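The values are calculated or read from the model by the stated rules, or taken from the named source; none is laboratory data. Quick caveat: nothing in here was measured; it's all calculated off a predicted structure. Here the Cβ positions follow ideal geometry from the backbone for every residue, glycine too, while neighbour counts run over all protein chains shown.
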Amino acid sequence: MEDLKKQKLLLEKHKDIARIDQESKRTHGWYVRVRYLGRTHSKFFSDKKCGGRYSSLLSAISWRDKVEKKLGKVRTNKHMVTVSNSGTGVVGVRLNEKLNRYEVSWVTDLGKQGKTSVSINKHGKKAAFEKACQIRKERESERLGYTN
């Protein structure tokens with residue numbers, strides 16, 4: 001029974017953890033890369049140093065979880081974007097000056113793209129931005145399965 005649990009864990013995908021088996025360099029282990037707020041934290045867990053493939057995976061998972069907790073990153077296996085490229089400074093919220101609105105985007109819990117917009121004409125620039133940010137926050141919370 002224990003061997004089946006080990007096999008299952010070894011075969012599962014683990015977010016931010018990749019298997020490296022490079023025979024030419026005799027490198028075998030798990031590479032962890034945690035990205036958060038524009039910074040990357042990484043570490044390699046060698047099978048040889050950790051006592052085998054299973055032990056090195058457990059060490060990699062443990063390290064990833066500790067780093068995420070220390071950074072304040074939510075532990076989830078779902079993809080999260082933490083750096084904004086929109087100019088507003090808020091992930092998933094961008095200003096469309098041509099149409100005079102804030103556009104909000106998110107990924108649904110089914111993995112589809114969700115979109116809406118908030119009119120600046122109707123709400124004023126500050127209120128429209130705040131409303132757009134609130135919509136984004138609510139949609140991400142729904143997807144990640146926690147409440148505000």
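Laid out as a table, the results:
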quantity: Subset of region 1-25 [touching a residue at least 12 places away in the same chain (Cβ under 8 Å), farther than 16 Å from LEU58 by Cβ and in a loop (DSSP other than H, G, I, E, B)]; calculated: none
quantity: Residue in region 103-124 that is closer than 30 Å to GLN22 by Cα, touching a helix residue (DSSP H, G or I) at 6+ places or on another chain (Cβ under 9 Å), among the aromatic types (Phe, Trp, Tyr) and at pLDDT below 95 present; calculated: no
quantity: Residue within region 5-17 that is surrounded by 14 or more Cβ atoms within 10 Å (Cβ to Cβ), closer than 25 Å to GLU68 by Cβ, touching a Leu at 6+ places or on another chain (Cβ under 7 Å) and hydrophobic (A, V, I, L, M, F, W, C) present; calculated: no
quantity: Residue count, region 92-144 (criterion: exposed (fewer than 14 other Cβ atoms within 10 Å of the Cβ), more than 24 Å from the chain's Cα centre (by Cα) and of a type in the set (A, V, I, L, M, F, W, C)); calculated: 2
quantity: Top-ranked residue of region 13-59 - restricted to ones that are among the charged types (D, E, K, R) and within 17 Å of ARG75 (Cα to Cα), ranked as modelled with the lowest pLDDT; calculated: LYS13
quantity: Filtered residue count, region 30-59, keeping only those that are assigned to a strand (DSSP E or B) and more than 15 Å from ASP16 (Cα to Cα); calculated: 1
